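Step one of this worksheet: look at the structure below.
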Amino acid sequence: MTAMQQKILTATRYQSSPEELIQDTLNLKEGLITSTGALAIHTGEFTGRSPQDKFIVKDDVTENTVHWNNFNIPIGEKCFRIIYRKIMDHLNAKPQVWVRDAFACADPRYRLSVRITTEKPWTNLFAYNMFLRPTEAELKEFTPEWQVISAPDLKLNAEECGIRQHNAAVISFKHKMILIAGSGYTGETKKGIFTVLNYILPQDRGVLSMHCSANAGEDGNTAIFFGLSGTGKTTLSADPSRRLIGDDEHGWAGDNIFNFEGGCYAKLINLSEEKEPAIFGAIRAGAIVENVQFFPGTTRINFDDASITENTRVSYPLHFISNALEPSVGNIPKNIFFLTCDAYGVLPPISKLSKEQAMYQFISGYTAKVSGTETGVTEPKPTFSACFGAPFLPLHPGKYAKLLGEKMEKHEVNVWLVNTGWTGGPYGIGHRMKLSYTRAMITAAIGGKLNTVAFTKDPVFGFGIPNEVPNVPSEVLIPRNTWSDKDAYDEKVKFLAALFVKNFEKYAAGVSEEVLKVAPNVIAFLTEM
Ligand code: ATP
Ligand code: MN
């Protein structure tokens with residue numbers, strides 16, 4: 001029997017209901033019910049993705065198509081087979097496993113059938129929440145094209161399996177299989193399928209796959225929000241006055257945009273009912289909360305407690321948001337927002353980009369996180385992640401950028417850069433932009449309220465900064481004006497501009513003269529002063 005023909009021999013629980021999966025989790029003593037009815041679990045050793053342990057099998061399918069880099073790490077077919085056998089042996093030794101059939105891609109033309117087999121009932125509930133749920137009729141016809149197999153309790157031998165340490169997430173495009181061993185982080189499953197779609201859709205179907213959230217107005221005007229982790233995709237797409245299409249992964253086809261997923265995966269850290277009512281309201285029966293702590297002696301979540309991880313999360317089906325749009329398909333976007341969380345406090349809170357600036361920013365994919373270290377050393381850490389999603393992109397970033405460029409050429413679309421990060425100084429001196437202001441800026445941009453105002457050109461980056469935005473104090477719009485120490489601002493802006501230029505060097509050969517021309521201009525800035 002070859003490895004690929006090995007079957008799961010143990011008892012399988014097929015297509016369990018959320019109620020059953022919750023009960024199974026409670027029976028295993030791996031969860032508890034919170035005061036608002038959600039299931040709380042711990043994901044174990046891993047409370048986030050482990051990008052250094054994510055591998056793609058290098059074979060005749062992928063060898064010349066995958067862009068091998070720090071995120072697309074090659075592994076041999078032989079190692080894949082060893083890991084596959086280990087997972088099968090591990091699962092077969094269990095009294096039972098949970099199996100679920102589901103879809104990805106809300107547009108039926110691009111639908112992907114996925115079978116998810118999990119060691120844990122709560123991973124299976126995550127799959128129920130996050131993937132698209134087939135109807136009874138669809139289930140009868142279901143043939144799984146891709147498989148995801150999750151075995152958190154399996155510790156692999158690194159040497160034997162050709163991996164870095166005891167855990168791995170391995171994608172084989174030839175066998176259409178994702179193996180996840182040694183990590184219980186639920187997000188690993190959904191981002192695995194996202195990686196697969198990022199390979200298939202642009203190459204085979206001419207669809208641009210995007211790490212972005214999306215929502216639509218009642219009149220059907222769509223907005224999409226690109227951004228790296230923590231920049232505000234989930235938060236800002238949950239807008240009570242608009243229909244939610246999705247919070248993380250979408251495709252842009254010839255005539256529409258569509259969600260890949262059937263649920264949301266929101267951060268819980270510092271969540272407040274007042275500021276984020278839609279997400280708060282979704283923490284109820286059926287939702288899974290991960291790695292949270294409770295107020296002593298209660299089952300009330302303490303949202304401010306980051307003692308297990310900063311990355312506390314909740315997953316829930318899309319319809320837990322009352323104004324979600326299902327099926328989650330929208331029109332070609334009229335507005336594109338690039339979200340960045342600039343902890344240096346340098347970039348303007350909202351600015352308008354030319355087509356060339358948009359390409360430059362998309363390829364750069366900038367954000368600056370605050371690195372929370374134990375010792376309290378808190379310097380922002382800049383990240384440049386191509387297309388705002390490098391860890392999930394198996395193809396060369398230029399492929400996605402080219403598709404976006406073509407779509408921007410073809411359709412009338414506004415592109416905005418929104419800094420949801422610091423104002424009034426860098427982290428430690430200034431503070432994060434008020435969520436209500438960021439929301440007001442986005443509402444104004446979508447509502448066409450910025451079409452008639454005057455703009456000031458940012459001297460270094462060249463972006464157009466609106467002089468006024470309804471419901472936002474004008475003082476916050478120009479970052480330099482919000483810093484009390486102007487020299488410090490000028491230093492920081494030069495520093496950041498230089499980082500952009502340095503990072504862009506590796507892409508220079510692949511982009512047009514026009515795009516290269518919009519690089520941040522430190523010289524012009526110095527002579528203007
Ligand atoms: P991921 O890709 O990891 O899911 P994300 O882009 O969806 O990340 P969010 O979950 O929306 O990120 O996280 C943004 C966080 O920043 C939230 O906790 C939100 O409350 C907080 N926040 C504070 N101020 C702002 C602001 N001005 N705009 C957006 N978010 C803000
Ligand atoms: Mn999100």
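What does the convex hull of the Cα atoms of the stretch 14-151 come to per residue, in Å³, rounded to a whole number?
About 158 Å³ per residue, rounded to a whole number.
Measure off 7 Å from each Cα along the Cα-to-Cβ vector at LYS7 and ASN64, then give the distance between these two points in nanometres to one decimal.
Taking the two extended label points, one gets 3.9 nm.
So what's the net charge close to GLY192: Lys and Arg +1, Asp and Glu -1, counting the other residues with Cβ under 11 Å from its Cβ?
Cβ neighbours under 11 Å give a net charge of +3.
What is the sum of charges around PRO466, taking Lys and Arg as +1, Asp and Glu as -1, for the other residues whose C-beta is under 13 Å from the C-beta of PRO466?
+1
Against the 2.2 N^0.38 Å scaling, with N counting residues, where does the stretch 397-468 land? I'd like the Cα-based Rg ratio to two decimal places.
For the stretch 397-468, the normalised Cα radius of gyration comes out at 1.35.
Could you report the stretch 139-187's accessible area per residue, 1.4 Å probe, as an integer in Å²?
Result: 39 Å² per residue.
Quickly rank 257-270, 386-399, 140-153, 470-483 as a protection proxy: mean count of other C-beta atoms within 10 Å, highest first.
Descending packing order for the listed peptides: 257-270, 386-399, 140-153, 470-483.
Could you work out how far the C-alpha centroid of the stretch 393-432 sits from that of the stretch 142-156, in angstrom?
Centre-to-centre (Cα) distance: 33 Å.
Explain nothing, just the number: relative contact order of the chain, from Cα pairs under 8 Å at least 6 residues apart, as a whole percent.
The value is 13 percent.
Gain in length, SER484 to PHE142, computed as 0.36 nm per residue apart minus the alpha-carbon separation, to one decimal in nm?
Gain on extension, SER484 to PHE142, equals 116.9 nm.
Charges only on Cβ, +1 for Lys and Arg, -1 for Asp and Glu: so what's the dipole of the chain about the Cα centre, in debye to the nearest 20?
That gives the chain a dipole magnitude of about 520 debye.
Which one of THR234, GLY37, SER328 is farthest out on the positive end of the charge dipole of the chain, using unit charges on Cβ (Lys, Arg +1; Asp, Glu -1) and the Cα centre as origin?
After comparing all options, I get SER328.
Which ³J(HN,Hα) values in Hz, rounded to whole numbers, follow from the phi angles of the stretch 489-502 under the Karplus curve 6.51 cos²θ - 1.76 cosθ + 1.60, where θ = phi - 60° and Gly and Pro get x?
Karplus-based 3J(HN,Hα) across the stretch 489-502 equals 4, 4, 4, 5, 5, 5, 4, 5, 4, 5, 4, 4, 4, 4 Hz.
How would the stretch 289-372 be classified by its alpha-carbon gyration tensor: rounded, prolate or oblate, with rounded meaning a/c under 1.5 and the a/b versus b/c comparison settling the rest?
oblate
Given a 1.4 Å probe and every protein chain left where it sits, what share in percent of the accessible area of the stretch 95-215 is carbon and sulfur?
Carbon plus sulfur share of accessible area: 45 percent.
Determine, from the Cβ-Cβ distance of ILE308 and ALA158 and an R0 of 30 Å, the FRET efficiency 1/(1 + (r/R0)^6), rounded to the nearest 0.05.
Taking R0 as 30 Å, the efficiency between ILE308 and ALA158 is 0.70.
Grab the other residues whose beta carbon is less than 14 angstrom from that of LYS120, score K and R as +1, D and E as -1, and report the net.
-4
How many Å² of accessible area per residue for the stretch 440-525, probe 1.4 Å?
Normalised by residue count, the accessible surface of the stretch 440-525 is 51 Å².
Give the span of the chain's Cα atoms along each principal axis, as three whole-Å numbers ordered largest to smallest.
Over the chain, Cα extents along the principal axes are 73, 56, 50 Å.
For the stretch 205-275, rounded, prolate or oblate, judged on the Cα gyration tensor with a ≥ b ≥ c (square roots of eigenvalues), a/c < 1.5 rounded, else prolate if a/b > b/c?
Judged from the Cα gyration tensor, the stretch 205-275 comes out oblate (a/c at least 1.5, b/c at or above a/b).
The values are calculated or read from the model by the stated rules, or taken from the named source; none is laboratory data. Please read all numbers here as calculations on a predicted model, not as lab measurements. Cβ: placed from backbone, ideal geometry, glycine included. Neighbour counts: every protein chain shown. Ligands, DNA and RNA are stripped out before the accessible areas are found, and what is left, the full protein with its side chains, is counted by its heavy atoms. Shrake-Rupley method; radii C 1.70, N 1.55, O 1.52, S 1.80 Å.
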